[in-house]
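Please treat every number below as a calculation from the coordinates, not as lab data. Predicted model, so just to flag it, every value in this text is computed and none were measured. Note that each Cβ is placed from the backbone with ideal geometry, even for glycine, and that neighbours are counted across all protein chains shown.
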Amino acid sequence: MLFTIITKERDSGSSQIELQSDATILAFGDSITYGFGVAEEESYPAQLQKRVGVRVINGGVSGEESSEALERLPKLLEQKPDLVILCHGGNDIIRKRSDEKLKANLTQMIETIKASGAKVLLVGVPNFGILGFNTHSIYAEVAKETEVFFEEDVLSKVLSKNELKIDYIHPNEKGYEIIVDAVVKHLKVIN
């Protein structure tokens with residue numbers, strides 16, 4: 001499979017991941033990736049597959065922390081994805097696990113993904129606070145340090161609107177659709 005990255009000036013904020021139509025994407029994460037609270041076909045991986053027309057593996061596990069994900073990731077990478085959309089850490093944040101450990105786990109996941117030959121799109125997760133849903137600063141740090149594509153704000157924006165979620169931390173069908181809209185902006189599928 002041919003896989004290339006097209007990058008433009010970082011300052012312009014414009015960059016795309018170019019995929020062939022026979023590519024495979026692994027959506028890797030916790031309950032938000034899994035699609036907790038919505039029908040399977042309304043999860044963001046299922047909606048993304050319909051939208052871009054490439055195979056998308058749903059690698060989401062509800063309730064999982066980043067240390068567990070780190071152990072589970074290598075087995076999923078055996079499916080040889082071209083791109084991994086990494087959206088993980090919400091349970092670590094909610095359960096007030098160490099920020100340093102979360103950062104180390106995210107970094108190690110990205111290194112493992114890159115070693116497999118896949119590219120990475122990191123999705124920022126909110127720091128679920130009393131004052132709202134701002135993306136946790138760890139995600140921008142990790143994206144910069146590991147030089148991966150980064151979708152910074154979509155999850156924070158979705159979870160800050162009650163009409164886009166089923167409970168405090170999970171999107172509804174429309175919320176997942178907005179996540180897909182944001183992810184698609186980073187992709188270019190070549191037939």
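Listing for the model above:
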| quantity | calculated |
| --- | --- |
| Pairwise label distance in nanometres, Asp167 with Glu68, each label 7 Å out on the Cα-Cβ vector | 1.4 nm |
| Formal net charge of residues neighbouring Glu68 (Cβ-Cβ distance under 11 Å; K, R +1; D, E -1) | -4 |
| Projected-area average for the chain over all orientations - Cα convex hull basis, square nanometres | 10.0 nm² |
| Span-rule helices in the chain, defined as complete DSSP H runs reaching 15 Å or more along the axis (Cα) with Kyte mean at least 0.5 | 173-184 |
| For the chain, built as a Gaussian network whose Cα springs stay under 10 Å, the top-fluctuating residue of Lys50, Lys101, Lys75 | Lys75 |
| Within a Gaussian network of the chain (alpha carbon springs, distance under 10 Å), most fluctuating of Asn134, Asn58, Asn162 | Asn162 |
| Nearby lysines by direct alpha-carbon distance to Lys114 (threshold 25 angstrom, same-chain neighbours under 8 apart not counted) | Lys8, Lys75, Lys80, Lys101, Lys103, Lys144, Lys185, Lys188 |
| Mean separation of Cα contacts under 8 Å (6+ apart) over length of the chain, as relative contact order % | 23 percent |
| Surface/4 of the Cα convex hull for the range 91-136, nm² | 3.4 nm² |
| Counting DSSP beta bridges with both ends in the chain, the antiparallel % (nearest 5) | 30 percent |
